[in-house]
Amino acid sequence: MQATTPTSRRSALALGGLIALTGGAGLVALRAATSAGDAGAEDPRSADAAPTPSTPLQTDPLAGLDVDRALDVVRRLTREVGQRAAGTPGEAAAADLIARLLRDLGYEVEESPFTVGHRSHALLSGPSLTRDGFCWGAETAPRGRHDVTVTGRLVAVAGGSAADLPADLAGAVLLAEVEGVDVTALATAAVERGAAALLCASAEHDRARNQAFPPELDDWTPLPVVGVGRTQLTRLRADALDTEVTVQTWAIPEAVSRNVLATRRGTGGDDRGCVIVGAHYDTVIGTVGANDNAAGVALVLELAAALRDVPTEADLLFVLWGAEEIGLKGSDAHRRALTPDQRQRIRGVLNNDMVATTMASADRYWMLAADGEENAVHRAVRAAAAELGRESAVSEVETYAQSDHHQYDAMGVPAGNFGWRATGGPMQSEPQFHAADDLPEQNVDRDRLRSAMEIQALAAVALARS
Ligand SMILES: [Zn+2]
């Protein structure tokens, strides 16, 4: 993302100083880009810095939005960083990128780490595994072998069970469908026949049947045992049988994730509170997560850019949560770290998770609530959509607790999750959901991303001015 302001002004913002802006409405003092931690260090209402008459006051929340810049963030998160599973180097690289983009906008950035326990993952590679962005990350069996790299010829197990294995599999990488199969017995037989690794696929995962999964073993095995998604299985069968496939596995005993936060100061002082605009930036293992949730991150960063100089009485707190996909751990860590005062200041939480799928049936902008009850943020979003002529696309509030808004709702803060999803229901996810082909070219709709950005920008500003 490119900064949109002259260097001199950006530098001043980076210093966290007082910036006086003039416009049609007169002089407005706006202290931008200071962290939440130094509240009270300066009075944001005193404007003793020299006015800069050449800088126009920006009052329109929509004027600075740039969907191409947002799509570039999606591309960088999915192509340059790739998979961003909690506690892995990919997630850390994504946090670094997000923090850098916020700093480039002039924000002071707070990065707050938290532990996510033991994590493990795998990566497949080989001359037949295409490098078109398709994700070859996979889950591992916790009781399989980790921190190892093996290469072997890919052999499909015809029937899937141990009895179907050929006698000699020396050095082979086995590929088996394990629905209804005793994976422990299969792994034991594979070890006896000299296999190098076992790749499992399963159709047992209901909503996310294309998602990688951790195979379950009753005993420890000296073999790397990996669980791939159906989308990956299809490609392995079509392109990679009898070719060399490399399997790498890693275990991270004490993995760390982090939240990335930046505050756009309001003009009203601390007692006017703050509005949180957030998105999770991590992925499940086995996807680069374009719609889930690089698009949501891009939306939040775009609002951070476009609303930086749009005055509101309340603060805007932009939060990019880590480790959502393993149990809302980033938002949980943020919630727990809040002091009672900070908790009281939160006026609402706008969570943007899965905002812009290309799925044809996703013509409804869903308003979701952990408790199913409409609250102030839903009302602000509906009013924003109406202002844009999109009210008929907005759903009634539906119960849905499987994202970060749940943590804030649980402590009594008005919170909701918002995004374009299937008209028939928010659980009818696109086929790329949590799958290796949730790619920016296939699953991020430009118009839906733009309208989600516009609705959220208007809603955030309305909440912060109310
Ligand atoms: Zn998500």
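Below is a table of values for the structure above.
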{"item": "Lone unmet requirement of (1) in a strand (DSSP E or B); (2) within 16 Å of the ligand (Cβ to nearest atom); (3) open to solvent by 20 Å² or more (accessible area, probe 1.4 Å) for residue 257", "result": "(3)"}
{"item": "When residues of region 409-422 are limited to those that are more than 12 Å from the ligand (Cβ to nearest atom) and within 19 Å of residue 295 (Cβ to Cβ), the one surrounded by the most Cβ atoms within 10 Å (Cβ to Cβ)", "result": "416"}
{"item": "Qualifying residue in region 354-363 (condition: more than 19 Å from residue 319 (Cα to Cα), out of contact with any Lys or Arg (no Cβ under 6 Å at 6 or more places or on another chain) and either outside the structural domain of residue 430 (by TED's automatic domain parsing) or among the acidic types (Asp, Glu) (or both))", "result": "yes"}
{"item": "Neighbours by Cβ (under 7 Å, 6+ apart or cross-chain): first from region 341-361, under 24 Å from residue 325 (Cα atoms); second among the basic types (Lys, Arg)", "result": "354/421; 356/448"}
{"item": "Checklist (1) open to solvent by 10 Å² or more (accessible area, probe 1.4 Å); (2) more than 16 Å from the ligand (Cβ to nearest atom) applied to residue 224, failing item", "result": "(1)"}
{"item": "Within region 385-408, considering residues that are acidic (Asp, Glu) and open to solvent by 40 Å² or more (accessible area, probe 1.4 Å), the one nearest to residue 323 (Cα to Cα)", "result": "398"}
{"item": "Residues of region 275-321 classified as at positive phi and more than 10 Å from the ligand (Cβ to nearest atom), total", "result": "1"}
{"item": "Meets criteria (of a type in the set (Ser, Thr, Tyr), open to solvent by less than 10 Å² (accessible area, probe 1.4 Å) and not assigned by TED's automatic domain parsing to the domain that holds residue 98) for residue 287", "result": "no"}
{"item": "Residue check for residue 454: surrounded by fewer than 20 Cβ atoms within 10 Å (Cβ to Cβ), acidic (Asp, Glu) and in contact (Cβ under 8 Å) with a residue 40 or more places away in the chain", "result": "no"}
{"item": "Index of the failed condition, residue 107 passing every other in (1) surrounded by 20 or more Cβ atoms within 10 Å (Cβ to Cβ); (2) of a type in the set (Phe, Trp, Tyr); (3) in the same structural domain as residue 188 (by TED's automatic domain parsing)", "result": "(3)"}
{"item": "Search result, residues across region 351-384 that are buried (at least 23 other Cβ atoms within 10 Å of the Cβ) and either of a type in the set (Lys, Arg) or part of a helix (DSSP H, G or I) (or both)", "result": "377, 378, 380, 381, 384"}
{"item": "Filter result for residue 152 (assigned by TED's automatic domain parsing to the domain that holds residue 328 and either surrounded by fewer than 21 Cβ atoms within 10 Å (Cβ to Cβ) or closer than 20 Å to residue 259 by Cβ (or both))", "result": "no"}
{"item": "Any hit, region 389-398, residues being under 22 Å from the mean Cα position of the chain (by Cα), modelled with pLDDT of 95 or more and closer than 22 Å to residue 358 by Cα", "result": "yes"}
{"item": "Test: residue in region 271-289 that is at pLDDT below 95 and either of a type outside the set (A, V, I, L, M, F, W, C) or within 24 Å of residue 77 (Cβ to Cβ) (or both)", "result": "yes"}
{"item": "Among (1) touching a His at 6+ places or on another chain (Cβ under 9 Å); (2) part of a loop (DSSP other than H, G, I, E, B); (3) open to solvent by less than 10 Å² (accessible area, probe 1.4 Å), the one test that residue 320 misses", "result": "(2)"}
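The values are calculated or read from the model by the stated rules, or taken from the named source; none is laboratory data. Just so it is clear, the model here is predicted, and its values are computed rather than measured. No Cβ is skipped: glycine too gets one built from the backbone with ideal geometry, and neighbour counts run over all protein chains shown. With ligands, DNA and RNA removed, areas are computed over all heavy atoms of the protein, side chains included. Shrake-Rupley method; radii C 1.70, N 1.55, O 1.52, S 1.80 Å.
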